[in-house]
Amino acid sequence: MSEAAGEARPVFRAATVVALVLVGVFAFAAFVTLLAYAPDLERDGSCRPNVYSKCAIGFAALQALVKQEGAPTLVSRTKLPAGRTEGLLIAAPEPERGEDIAGLGFGGPVLVVLPKWNVRPDPAHAGWGLKDGLIEPERMPNKDVLSEVAVDRRKGASRPRLVGAPGIPFEGVSLTPGPIDQLQTFSAKDWIPALYDDQGHLVIAQMPSTQIYVLSEPDLVNTQGLGDRDTFPAAVSILRQLRTGQGPVIFDVTLNGYKLERSALRLMFDPPFLAVTLCFVAAMALAGLQAAFRFGPVRRTQRAIALGKEALTDNSAQLIRLAGREAKMAPGYAELTRKAAARAVGAPKELTGQGLTDFLDRMAAQRGLADNLATLTHEAGRVDGRAGLTALAGRLYRWRLEMTRERQ
């Protein structure tokens with residue numbers, strides 16, 4: 001079998017691996033982001049009296065009306081920061097709800113729209129609802145600021161005339177909405193009238209010592225009411241009279257069960273912790289980039305037991321070092337140096353021992369060398385320790401180079 005045929009082919013190409021990694025990183029990042037912001041996307045699509053609902057009793061059309069009027073709109077799912085006073089906050093508590101209206105955190109006017117109708121799902125249209133009678137008085141919101149509110153309903157359909165009470169904000173206002181089925185009014189002890197019907201019953205009133213206004217008739221501002229050409233301008237007038245300055249119209253949904261709870265995961269994606277998250281992602285990307293590309297030469301796998309002369313020499317040196325006998329090698333190294341110098345200068349072969357040493361020293365003296373071989377050989381027999389061996393070996397090496405003129 002040829003070498004090419006015997007080579008193992010990679011399972012994936014490099015481009016495929018990179019693509020898989022990028023897709024995996026993107027999918028994981030998208031999953032974490034959606035997990036953090038999933039509550040923001042939560043909608044049940046049912047017919048309820050809130051700004052998310054597009055059915056008859058919902059207020060999606062009211063939000064569209066505000067946008068058409070050119071005013072900014074917000075949907076609040078948390079307590080508003082302190083200090084905001086311009087604009088208008090609209091809250092629509094549902095039956096058997098209404099707690100903590102005073103704790104919504106808005107310093108400007110607050111319009112609380114009371115519920116009126118029971119609804120049941122429309123099987124023909126998802127998200128729509130069919131009227132299922134009036135909400136029973138005992139199921140009306142009756143907590144917090146609404147504890148003193150008692151509703152009353154006019155029998156049958158009527159087209160009431162609504163008149164503003166003296167004083168800001170509805171003084172001099174006169175509204176004639178379209179027909180309203182069973183007009184809902186209310187009474188509350190010591191509340192300040194703002195808008196009442198032609199029979200003197202309250203439609204909008206202000207809670208004493210606050211900027212909280214209660215609107216008893218939701219059909220004046222919900223999607224069903226805005227569908228009437230006469231009720232539409234009445235809703236516009238109510239919003240204009242209550243909104244202050246150039247602030248936004250804020251629709252609260254915390255009272256409808258959409259309150260956004262704080263999350264540590266979401267905190268990672270909100271300032272100022274977003275910068276920390278981005279730095280962490282950048283560090284991980286750099287670490288992955290470093291791991292993906294090789295740096296430096298390939299380090300080959302070493303044998304457990306090395307082979308060859310070099311390995312034998314290294315092993316012998318290790319044994320001598322472990323035995324502490326480095327100094328005993330000095331005479332042998334001096335003898336090797338003498339033989340190497342004798343071969344290099346062409347010394348007579350019959351010369352050996354001290355005779356050869358004397359011959360080499362005479363040549364060294366003629367060449368002006370500082371050291372002589374006899375002295376170095378004598379010192380080799382008295383070397384003590386690794387440091388002494390290293391110093392003597394250096395002197396012998398330099399003597400040999402000068403004798404053999406290897407430096408030139």
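The values are calculated or read from the model by the stated rules, or taken from the named source; none is laboratory data. Only a predicted model underlies this, so the values are computations on that prediction, with no experimental measurement involved. Quick reminder, even Gly has a Cβ in these numbers, built from the backbone with ideal geometry, and neighbours come from all protein chains shown. All accessible areas refer to the heavy atoms of the entire protein, side chains included, with ligands and DNA or RNA removed. Shrake-Rupley method; radii C 1.70, N 1.55, O 1.52, S 1.80 Å.
Among the candidates Arg362, Arg325, Arg338, which residue alone is surrounded by fewer than 16 Cβ atoms within 10 Å (Cβ to Cβ), modelled with pLDDT of 80 or more and among the charged types (D, E, K, R)? Quick ask: steps written out before the conclusion?
Working: Arg325 fails: modelled with pLDDT of 80 or more; Arg338 fails: surrounded by fewer than 16 Cβ atoms within 10 Å (Cβ to Cβ).
Within the list Arg362, Arg325, Arg338, the selection yields Arg362.
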Exercise for the section: Go through segment 229-263 and count every residue that is within 30 Å of Leu34 (Cα to Cα), touching a helix residue (DSSP H, G or I) at 6+ places or on another chain (Cβ under 9 Å) and of a type in the set (Gly, Ala, Ser). Expected result: 1
Handout entry: Output for segment 194-215, where each listed residue is part of a loop (DSSP other than H, G, I, E, B) and within 44 Å of the chain's Cα centre (by Cα)
Key = Met207, Ser209, Thr210, Gln211
Exercise for the section: Evaluate segment 6-29: report whether one residue or more is surrounded by fewer than 12 Cβ atoms within 10 Å (Cβ to Cβ), at pLDDT 75 or above and among the aromatic types (Phe, Trp, Tyr). Expected result: yes
Exercise for the section: For residues that are more than 39 Å from the chain's Cα centre (by Cα) and not in a helix (DSSP H, G or I), tally how many sit in segment 224-259. Expected result: 4
Practice task
Being open to solvent by 20 Å² or more (accessible area, probe 1.4 Å) and among the small types (Gly, Ala, Ser) is the filter; apply it to segment 230-264 and report the residue that is farthest from Pro179 (Cα to Cα).
Solution key: Ala264
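Give me the residue from segment 176-223 that is small (Gly, Ala, Ser) and open to solvent by 60 Å² or more (accessible area, probe 1.4 Å) and, out of that set, modelled with the highest pLDDT. Walk me through it before giving the result.
Our first condition is that a residue be small (Gly, Ala, Ser); within segment 176-223, this holds for 178, 187-188, 194, 200, 205, 209, 216.
Those left that are additionally open to solvent by 60 Å² or more (accessible area, probe 1.4 Å): 187, 209.
Numbers: Ser187: 93, Ser209: 89.
Restricting to residues being small (Gly, Ala, Ser) and open to solvent by 60 Å² or more (accessible area, probe 1.4 Å), the top hit is Ser187.
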Problem - Checking Phe280 against (1) aromatic (Phe, Trp, Tyr); (2) over 13 Å from the mean Cα position of the chain (by Cα); (3) at pLDDT 80 or above, the condition it does not meet - result: (2)
Exercise for the section: Report, by residue number, each residue of segment 371-380 that is open to solvent by 60 Å² or more (accessible area, probe 1.4 Å) and either among the hydrophobic types (A, V, I, L, M, F, W, C) or touching a helix residue (DSSP H, G or I) at 6+ places or on another chain (Cβ under 6 Å) (or both). Expected result: Thr377
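Of everything in segment 30-59, what is outside any helix (DSSP H, G or I), at pLDDT below 85 and open to solvent by 70 Å² or more (accessible area, probe 1.4 Å)? Give them in sequence order. Show your work before the answer.
Step one: filter segment 30-59 for residues outside any helix (DSSP H, G or I), giving 42-59.
Of the ones still in play, those that are also at pLDDT below 85 are 42-46.
Correct list: Glu42, Arg43, Asp44.
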Handout entry: Qualifying positions in segment 157-175 - open to solvent by 40 Å² or more (accessible area, probe 1.4 Å) and modelled with pLDDT of 90 or more
Key = Ala157, Arg159, Arg161, Pro166, Glu171, Gly172, Ser174
Practice task
Would you be able to say whether some residue in segment 123-131 is under 18 Å from Tyr258 (Cβ atoms), open to solvent by 20 Å² or more (accessible area, probe 1.4 Å) and in a loop (DSSP other than H, G, I, E, B)?
Solution key: yes
Exercise for the section: Take segment 132-150 and flag every residue that is open to solvent by 30 Å² or more (accessible area, probe 1.4 Å) and either free of Cβ contacts under 8 Å to residues at least 40 places away in the same chain or part of a loop (DSSP other than H, G, I, E, B) (or both). Expected result: Asp132, Gly133, Glu136, Pro137, Glu138, Asn142, Lys143, Ser147, Glu148, Ala150
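Just to be sure, is Thr313 surrounded by 10 or more Cβ atoms within 10 Å (Cβ to Cβ), in a helix (DSSP H, G or I) and modelled with pLDDT of 85 or more?
Values: surrounded by 10 or more Cβ atoms within 10 Å (Cβ to Cβ): yes; in a helix (DSSP H, G or I): yes; modelled with pLDDT of 85 or more: no.
So Thr313 fails the test.
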Practice task
Being surrounded by 14 or more Cβ atoms within 10 Å (Cβ to Cβ), assigned to a loop (DSSP other than H, G, I, E, B) and over 33 Å from the mean Cα position of the chain (by Cα) is the filter here, so list the residues in segment 65-77 that pass it.
Solution key: none
Problem - segment 345-356, residues that are assigned to a helix (DSSP H, G or I) and surrounded by fewer than 14 Cβ atoms within 10 Å (Cβ to Cβ) - result: Gly353, Gln354, Gly355
Exercise for the section: Output yes when any residue across segment 151-158 is part of a loop (DSSP other than H, G, I, E, B) and more than 17 Å from Pro137 (Cα to Cα), and no when none is. Expected result: yes
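Could you tell me which of the residues Arg262, Arg294, Arg303, Arg266 is assigned to a helix (DSSP H, G or I) and modelled with pLDDT under 80? Lay out the reasoning, then the answer.
Details: Arg262 fails: assigned to a helix (DSSP H, G or I); Arg294 fails: assigned to a helix (DSSP H, G or I); Arg303 fails: assigned to a helix (DSSP H, G or I).
The match here is Arg266.
What residue, of Leu80, Leu62, Leu88, Leu111, is surrounded by 15 or more Cβ atoms within 10 Å (Cβ to Cβ) and part of a loop (DSSP other than H, G, I, E, B)?
Values: Leu62 fails: part of a loop (DSSP other than H, G, I, E, B); Leu88 fails: part of a loop (DSSP other than H, G, I, E, B); Leu111 fails: part of a loop (DSSP other than H, G, I, E, B).
Selected residue: Leu80, the only one of Leu80, Leu62, Leu88, Leu111 that is surrounded by 15 or more Cβ atoms within 10 Å (Cβ to Cβ) and part of a loop (DSSP other than H, G, I, E, B).
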